[in-house]
Structure formats: C-alpha cells, structure tokens
1. Could you run through the range 223-253 and say how many residues are touching a helix residue (DSSP H, G or I) at 6+ places or on another chain (Cβ under 7 Å), of a type outside the set (D, E, K, R), in a loop (DSSP other than H, G, I, E, B) and surrounded by fewer than 24 Cβ atoms within 10 Å (Cβ to Cβ)?
2. Here's a check for you: in the range 268-286, which residue that is closer than 24 Å to Gly216 by Cα and either touching a His at 6+ places or on another chain (Cβ under 9 Å) or aromatic (Phe, Trp, Tyr) (or both) is surrounded by the most Cβ atoms within 10 Å (Cβ to Cβ)?
3. Which of (1) of a type outside the set (Asp, Glu); (2) at pLDDT below 95; (3) over 30 Å from Gly338 (Cβ atoms) is the odd one out, the single condition Trp126 does not satisfy?
4. What are the residues in the range 255-274 that are closer than 30 Å to Thr109 by Cα and assigned to a loop (DSSP other than H, G, I, E, B), if any?
5. Leu152 passes all but one of (1) over 17 Å from Arg372 (Cβ atoms); (2) surrounded by 24 or more Cβ atoms within 10 Å (Cβ to Cβ); which number fails?
6. Within the range 287-342, track down each residue that is buried (at least 18 other Cβ atoms within 10 Å of the Cβ), part of a loop (DSSP other than H, G, I, E, B) and over 28 Å from the mean Cα position of the chain (by Cα).
7. Just the residues that are more than 22 Å from the chain's Cα centre (by Cα) and either hydrophobic (A, V, I, L, M, F, W, C) or in a strand (DSSP E or B) (or both), please, taken from the range 183-201.
8. Scanning for something within 21 Å of Lys113 (Cα to Cα) and either in a loop (DSSP other than H, G, I, E, B) or touching a strand residue (DSSP E or B) at 6+ places or on another chain (Cβ under 7 Å) (or both), does the range 153-160 turn up at least one residue?
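The values are calculated or read from the model by the stated rules, or taken from the named source; none is laboratory data. Please read these numbers as outputs of a predicted model, since none were measured by experiment. Don't worry about glycine lacking a Cβ; one is built from the backbone with ideal geometry, like all the others, and counts go over all protein chains shown.
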Amino acid sequence: MMAGLSGSVAASGTVDISLRPVMRPGSGTGGEVVSVMRVSKVQPTLRPVLRPADLSSEATAEASLLEVKSYPRNAGFERWVESFKPRAASAGISQRVINQAFRGIQYNTDVIKSDGNQAEFTKTIWEYLSNATSDKRVSDGQKMLRKHRRTLEAIERKYGVEKEIVTAVWGLESFYGDIKGDYNVIEAMATLAYDGRRRDFFTKQLIAALKILQRGDTTAANMKGSWAGAMGHTQFIPTSYELFAVDFTGDGKRDIWSNDPSDALASTAAYLARSGWQKGMPWGVEVSLPAGFNRGLASRKTQKMPSDWAKLGVRDVNGQPVRDYGSASILFPDGGRGLALMIFEKNFRAIERYNAADAYVIGVGHLADRLRGGVPLKGNFGPGERPLTEDETKELQRHLKRKGYALEKIDGKIGPNTKAQIKDYQSRNGLVADGYASEALLQHVKRR
C-alpha cells in the first residue's frame, strides 16, 4: 500500500518535496489518488516557444510565450501521440482542444525518472509527524484558517466537513498552495501513458485531463501539477477531479489551480463527504493501554464502542474514558514506538480514501487537531525511546557534523542524509542501526 514516506518540507519558501506518502494507483481503498513525491523546478536549459499563429484568440490570450524545458526528441513518442489523437476524439474531445493540448509536448524524461524512483526512504511515524505537524505547518495553517475563515465556514456548512480537516489536507498536499507542481499535466500523462509502468492507468488520466480542458475549467497552459498528474492546491488527479471537483465560487469553472483556493478546498470537502465523513466524530484519539493488554485486539476488524474499550482499560492519555462517538478500533502505527490510537472507522476511512497510507491519515487528522489548538501526541516510551524534537534534532545534527559525519545541513529534519549519518554512527558504535533519532541516541552522541 505504501512504498515509503517522502522527505520533509523545508521551512523556507522554496520547497521541492511534498509530504504526501507514496501510494500506488489501485492499491488502497481510494484507488485512484496518486501521491506526490518530487516537484521539479524548471531547469536553466529553457527555450521560449512561440505560440503558432493558427491558435484561437482565446488560446493566444492564455499565453503568447511559454517557457518549457527541452528534451531529446523521441520519434516513438511522437508517433504514439498521433495515434492517440483519434482515441481522444472518440472520447468526445474536439479537434481544437486536441490540437491545443498536444501542441509542443515532448517525451518528458524527468517524469519517467520520477516514476521509476518513488521509494526514496522510509520514515517512522514520529519522523513523519514531526514534519506533518511542524511548528511552521501548524502556524501557517492557523493563518490560513483566519485568512479564509468565511469561505471555510461556508464549505463546512455545505458539506459537513470541519474546516480544520480541509485545511490539514491542504497543508499536507501542497503546504497551503506553495508546492502545487509545475509539470505540464498533458505532457506528463502522455509520457506515462506511452512509456510508464502503469500505461492503462495514465491513459485514463490523460483522457480525463483532456475532458477537463474540453469543459473549459482551465487551459492547457494553466493545467500544471506533479509528475504523476496531481493538480492544484489539494492535488487532485484528473479522474478524481472529474468525480469530485466543484465550482464553489459560482464562476462556471472548477478552478483548483487559482490563487483563490475556494474551489480546491470545497472539492476536498466534497471528496471527504462523499467518502463518508461524519461531522463531530474524531478521526482518532491517542489512548493509553492497561498492563497486559491483548495486542491481538489491535485490528481494524475488531470494532467496539469506546465505552466497551474502557471496560478493557483503554482510556485517553489523560486517563479519561473516550466518548462514544461511534465504532472504533485500536491501531499501533508501523514504526510508532509507544503510540496507540483509537481510530473511528467512518472518518479514518474517509481520509484513507484520499490516500491509503496510515501515516497520511494520521498526519491529516493530527494536523487538524493541532490547528484547532490540540496538543502534540504524547506516546508511551521506554527509557530513552522518546523521539527528538526539532531543536533536539538540530543539536544531534550539529554533534554529528562536528564528529566528521557528512551532514548536508542543520535543519532539524530527519531526511535521507541525516538518517544515513545516524545509521553510520550507530553501526560504528555498536548500536542497532535503525536510523531512529531518539533521546538516548542524542545522549550517546553527546557523551562521545
């Protein structure tokens, strides 16, 4: 279901990694939602492409000069595009839209490279959550809640999905619109339909993308997204857009790319509502377990009301019984040392439809809790097992760098480089080389 968890989002304005866990199409309950990994910046080798004179005035107005990256010519891809055009026409796409959409597209080798290199490294749930609910992501999210409060409250009234949940999806998918992606979606989908590992899937996405253009929701020049075709503020792929995108502003277009995020946020709420979201029910609650708890009960198949779990000694981390919001199960997230959650099936599954990775669902849910003023997850750790805070991670990085380990930067993030250097240190010092940045590891490094 999940090939790995992507790297952290930097605190600066320049961000090139999405926080969305990798999910392969058709592998989860949502099936059609593809994750975002690397969002490429356009390289210096740019050439201007003049719009041909035969474009309509509407198309000419959208862009008279586009910057595109130049790739080696691929004759096989060009033949494939020509052979695909009749198929697009048979799907109801006009010749005008076909000509505009495919004019100037190339076989994008960056897309192929990304498709073959998704699983970069794996994070524990604590490492993932430290990024998903970083101070910046929480503070920026609270600013977005204030800035768009009237719109978000109107969306909540219409779709019955809390504004904090919608904002949390926005925060994880594109850091509130900062990393929407700059790939030409038609070019990316055509490249993957021609030469990707999942050709049928991306052929379906390509046709859906052309239908979006046919309807007039956006233009080919503005249809930008990730290499995998995830588009806009909340990263809808074309088929998900077809099913769930809405025109909330009433301008006749379902514009999820605009600087105004209203349509994108409403579309996300519509997606969650259609997936079974129940307002007023938590996604999950952190719980403490009694000594001797039967861990075999921790299964999505074992559903009980919280009052029944309380009879078995399961309570929230403050020692109080959890309210009977609905049927719930106990979850120990993979890699979640000391973390136990009571998850409420309806809402957990609704987020899961958006992305089937447990880490993603927990990240969205917990970020939403933090946006409304909730506290960080506590965990129940053995001596020294507590994961490091961002400041402690910076301290660990500084110590490792002073000792000669090849740390690229001191940023408080457990990315691939930091994790590799931690493993190297652990191996050299007779520790379990799992790359886990714990309180005990920091103390060990400081003593050396």
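1. Final tally of qualifying residues: 3.
2. In this case the residue turns out to be Thr268.
3. It fails just one condition, (3).
4. Asp255, Ile256, Trp257, Ser258, Asn259
5. It is condition (1) that Leu152 fails.
6. Leu289, Val314, Val322
7. Passing the criteria: Ala190, Ala193.
8. The first filter runs over the range 153-160 and keeps only residues within 21 Å of Lys113 (Cα to Cα), leaving none.
No, the range 153-160 contains no residue that is within 21 Å of Lys113 (Cα to Cα) and either in a loop (DSSP other than H, G, I, E, B) or touching a strand residue (DSSP E or B) at 6+ places or on another chain (Cβ under 7 Å) (or both).
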